[in-house]
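Q: Have a look at this one.
The values are calculated or read from the model by the stated rules, or taken from the named source; none is laboratory data. Note that this is a predicted model, so its numbers are computed, not measured. For neighbour counting, all protein chains shown are included, and Cβ atoms are generated from backbone atoms with ideal geometry for every residue, glycine included.
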Amino acid sequence: MSLVKKVVFLVVLLLGFIVYSVYTFDYDTALNTNSAVSNSEKIQNKVSQIGFVDKIINMFDSSDDTQTKPFSFVLTKKDGMLVMDGIFSSEDDTKKISDILNINRDGEYTYEEDISIDEDLISKIANLITPLKDFFEDGAKLSIINNEVFLSGELKDPNYSSLLETMISRLDINIIEDIKISNPILVSESTSLENNESILNTELPNDKTVNANNKKSLNIQEIQANINKLLADKKITFERRSTSVTEDSYSTLTKISQIMKENKSLKIEIAGHTDSRGEKALNKQISQERANSVKNVLVSLGIPSDSLTAVGYGEELPLVKDDENGLSEINRRVEFNIIGE
């Protein structure tokens with residue numbers, strides 16, 4: 001055997017011995033004098049190693065076995081206000097939904113884990129809050145159950161039906177409806193205002209004088225009562241966080257403008273009111289701007305500006321005591337007060 005072959009053979013043999021020694025050497029025994037302790041520690045080390053490996057595997061495991069459940073809640077109109085009941089994952093989610101929908105009366109809440117809310121759906125539903133308050137009688141419900149939307153209740157006026165359907169069609173969501181119409185014999189808004197007035201006048205006492213056109217002449221108290229009834233049926237509302245009058249309120253303002261046109265000598269105060277939330281000075285400013293907006297709409301409908309006075313009272317004249325958060329919807333209103341002829 002040549003020298004070169006001998007050297008190569010020895011090197012291979014040496015490498016093989018080193019590899020064998022590394023893989024068969026008992027490190028635990030060499031580092032620990034007590035064999036019982038060594039075995040115990042050996043087992044513990046193995047368990048720790050397995051746990052560590054599991055953590056690493058879980059860390060990089062992209063699969064998510066947690067299944068979220070859809071949230072459910074019901075909004076019910078009671079005493080002209082909306083009450084919310086539902087199943088949520090936390091109080092924070094409840095508050096978030098309440099803020100988006102501008103709900104100020106809590107119902108019964110249940111909290112469960114892994115409940116996921118759909119904020120996009122809630123934002124769309126928020127567009128139905130005003131009509132739910134203004135178009136429907138008490139007892140109406142707007143519900144989301146397993147991400148399906150349900151709307152049920154009785155409309156105050158058949159004229160609201162087409163307007164409501166138009167609003168729903170713009171939301172791009174499927175709504176299961178169960179809507180009834182109160183007083184279906186009422187005439188539509190397309191009927192002449194003169195005929196509408198004759199219907200209103202039939203509810204008045206019979207001791208009224210009759211003019212040449214066969215229309216009953218009303219005194220100030222009766223005119224005020226008619227205006228108040230219009231506002232009770234459908235209050236003046238404003239765009240969210242704005243002083244602009246909503247489209248839904250134009251029908252009420254149109255009817256009020258007609259009353260004023262038929263009683264041209266009337267002087268009316270438009271009174272804006274807020275609840276007690278926020279700074280008093282800011283509330284007064286907001287109420288004044290909203291009263292101004294209502295006045296501008298009436299002027300655009302042909303009412304002389306000098307027959308209207310817009311006043312913002314802020315939180316000075318509440319109808320009811322605000323709750324602890326100052327969120328009484330009843331106190332947020334616009335009134336029309338006849339102040340002279």
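Residues checked against (1) in contact with a Pro (Cβ under 9 Å, 6 or more places away or on another chain); (2) touching a residue at least 40 places away in the same chain (Cβ under 8 Å):
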{"residue": "Ile122", "(1), (2)": "no, no"}
{"residue": "Asn127", "(1), (2)": "no, yes"}
{"residue": "Lys133", "(1), (2)": "no, yes"}
{"residue": "Asn147", "(1), (2)": "yes, yes"}
{"residue": "Tyr160", "(1), (2)": "yes, no"}
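Q: Restricting to region 258-294, count the residues that are in a helix (DSSP H, G or I), touching a Leu at 6+ places or on another chain (Cβ under 7 Å) and surrounded by fewer than 19 Cβ atoms within 10 Å (Cβ to Cβ).
A: Residues meeting the conditions: 1.
This table checks each residue for (1) of a type in the set (Asp, Glu); (2) touching a Ser or Thr at 6+ places or on another chain (Cβ under 8 Å); (3) surrounded by 15 or more Cβ atoms within 10 Å (Cβ to Cβ); (4) within 20 Å of Lys255 (Cβ to Cβ).
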| site | (1), (2), (3), (4) |
| --- | --- |
| Lys95 | no, no, no, no |
| Gly107 | no, yes, yes, no |
| Leu121 | no, no, yes, no |
| Asp134 | yes, yes, yes, yes |
| Ile144 | no, yes, yes, no |
| Leu155 | no, yes, yes, yes |
| Pro158 | no, yes, yes, yes |
| Ser162 | no, no, no, yes |
| Thr166 | no, no, no, yes |
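Q: For region 137-145, indicate whether the set of residues that are modelled with pLDDT under 85 and not aliphatic (A, V, I, L, M) is non-empty.
A: no
Q: May I ask you to list the residues in region 98-121 that are assigned to a strand (DSSP E or B) and among the small types (Gly, Ala, Ser)? Spell out how you get there, then give the answer.
A: Taking region 98-121 as the starting set, the residues that turn out to be assigned to a strand (DSSP E or B) are 105-111, 115-116.
Across region 98-121, the qualifying residues are Gly107, Ser116.
Q: Considering region 122-145 alone, what residues qualify as being in a helix (DSSP H, G or I) and under 25 Å from Val334 (Cβ atoms)?
A: Ala126, Asn127, Leu128, Ile129, Thr130, Pro131, Leu132, Lys133, Asp134, Phe135
Q: Still on this model: So, in region 295-305, of the ones that are assigned to a loop (DSSP other than H, G, I, E, B) and touching a Ser or Thr at 6+ places or on another chain (Cβ under 8 Å), which residue ends up nearest to Val245 (Cα to Cα)?
A: Among those residues, the one meeting the criterion is Leu301.
Q: Do the conditions hold for Gly312, that is, is it at pLDDT 90 or above and over 30 Å from Pro158 (Cα atoms)?
A: Values: at pLDDT 90 or above: yes; over 30 Å from Pro158 (Cα atoms): yes.
Here the answer is yes, as Gly312 does meet what is asked.
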